[in-house]
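The values are calculated or read from the model by the stated rules, or taken from the named source; none is laboratory data. Keep in mind the model is a prediction, meaning the values are calculated, not measured. Neighbour counts run over all protein chains shown; Cβ positions are idealised from the backbone, glycine included. With ligands, DNA and RNA removed, areas are computed over all heavy atoms of the protein, side chains included. Shrake-Rupley method; radii C 1.70, N 1.55, O 1.52, S 1.80 Å.
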Amino acid sequence: MKNLFQKMHERISSGQSVVLVSIIASSGSTPRGAGARMLVCENGESFGTIGGGAVEHESQQLAMEVLSSKQSYSKGFNLSPNQVADLGMICGGDVTVYFQYFEGGDEKNIALLKLITELFHWNVNSWIIMDITDEVAWGLAVYMQDQGLYGSESIKATEILPLLSSQCVLTVKNDRKYYIEPLVRAGKVCIFGGGHVAQDLVQILTHIGFRCMVIEDRPEFANNRIFPQAETYLGDFNNIGASVQIEPNDYIIIMTRGHQYDYTVLVQALRTDALYIGMIGSKTKLSAIYKKLVEEEGFTQDDIKRIYAPIGLYIKAETPAEIAISIAGQLIEVRASNRQIRTL
């Protein structure tokens, strides 16, 4: 999504008009759910996807018509079983697609899109809010936790606050129709150790919307050449707080170059309020570690239950890439289960 909004900002800033095509509601086994987006530009270029197939193709044509008429609107699509079979899906479904026209050179939207692109680098819960009561004269705003609402004057913070969640919402409140979508979820993935699994893991996690930090005590691994998509820190595993501040929405992944360092980081991790603490290792190794945590560090069984270990979903993973996929799957599961936005 970040790249799509960057493209929007670039095109509108250069004076080009665009249409943002968004699925705002869906049911059944449609290829993408609410929140899928595609950008269509004046020259016919498109970025992003709303699922491919017939709906996406027709939506691209309709978006070009919107660029000509300059009139935003929504359209419902029903996918019959035959159409779905043609697209290689399982069963039918309905989608509502909103075609949102952005005028090239519009200073207000340029400023708002600039803020949206910047928010992807901030560790703050934020949401995109669309007032589509009048689909042609829509309002667009961003709500940032602890900082408030920025954008359309027609959108009132007092109305949308009860509607903010970790899910996309299409609803009517006080005779106004809103579509609200989470933009950025607070929380970062702190990976201790920069070996082969970490290198594969960062690529996967950043692709699915996680912000990653890698902490290493070896200079050759703590650099942006190896981890171009993550923040890297040359740190001391005996004092992780000097490199990173762990917050309640954060994920900790422990995979250092040795058992002793894993244990040292784990002890410190358990004294934080991190949402997730995962550690690589065999069941034999973990059994000895758990005993030591209780007998020597004073941790309780409830503390031990916070640890995801062996880390990752059980998919019989063997290679670094496979292990990285299993860990990413587990983080997706934890993120999806954590439905309530913490500290909201």
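Tabulated results
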| item | result |
| --- | --- |
| Distant-in-sequence amide H partners of LYS177 (H built 1.01 Å from N, under 5 Å) | ILE132, THR133 |
| Inter-probe distance in nm under a simple model that places probes 7 Å from Cα toward Cβ, at ASN338 and ALA137 | 4.2 nm |
| Calculated FRET efficiency for the pair ASN43/HIS196, C-beta based, R₀ 35 Å, to 0.05 | 0.25 |
| Burial ranking of peptide ranges 163-175, 242-254 (average Cβ count within 10 Å, highest at the top) | 242-254, 163-175 |
| Förster radius 35 Å - calculated FRET efficiency between HIS57 and LYS305, Cβ distance, rounded to 0.05 | 0.10 |
| At most 15 other Cβ within 10 Å, DSSP loop - chymotrypsin sites (Phe, Trp or Tyr not before Pro), segment 109-200 | TRP122 |
| Heavy-atom accessible surface of the chain: percent carbon and sulfur, 1.4 Å | 48 percent |
| Accessible area of the chain divided out per residue, in Å², using a probe of 1.4 angstrom | 47 Å² |
| The chain - charge dipole about Cα centre, Lys and Arg +1 at Cβ, Asp and Glu -1, debye rounded to 20 | 520 debye |
| Positive-end residue of ALA269, CYS190, SER154, charge dipole of the chain with Cβ unit charges | ALA269 |
| Cα-centred dipole magnitude for segment 217-338, charges only on beta-carbon of K, R (+1) and D, E (-1), debye, nearest 20 | 340 debye |
| For segment 189-266 versus segment 58-78, the gap between their alpha-carbon centres in whole angstrom | 44 Å |
| Proximal lysines to LYS283, defined as alpha-carbon separation beneath 29 angstrom and excluding residues fewer than eight positions away on the same chain | LYS188, LYS291, LYS292, LYS305, LYS316 |
| Long-range amide H partners of LEU183 with built H, under 5 Å | SER126, TRP127, ILE128 |
| Using alpha carbons only: equivalent-ellipsoid semi-axes of segment 207-344, gyration tensor based, whole Å | 21, 19, 17 |
| Virtual spin-label span in nm between SER165 and ARG271, 7 Å along Cα→Cβ | 3.8 nm |
| Principal-axis tilt of helix 283-297 within the chain, Cα atoms, nearest 10 degrees | 70 degrees |
| Residue-averaged [θ]222 nm for the chain, counting only DSSP H segments that reach four residues, each worth -39500 (n - 2.57) | -10000 deg cm²/dmol |
| Other-chain or far-sequence residues with amide H under 5 Å of VAL189's (modelled H) | ARG211, CYS212, MET213, TYR251 |
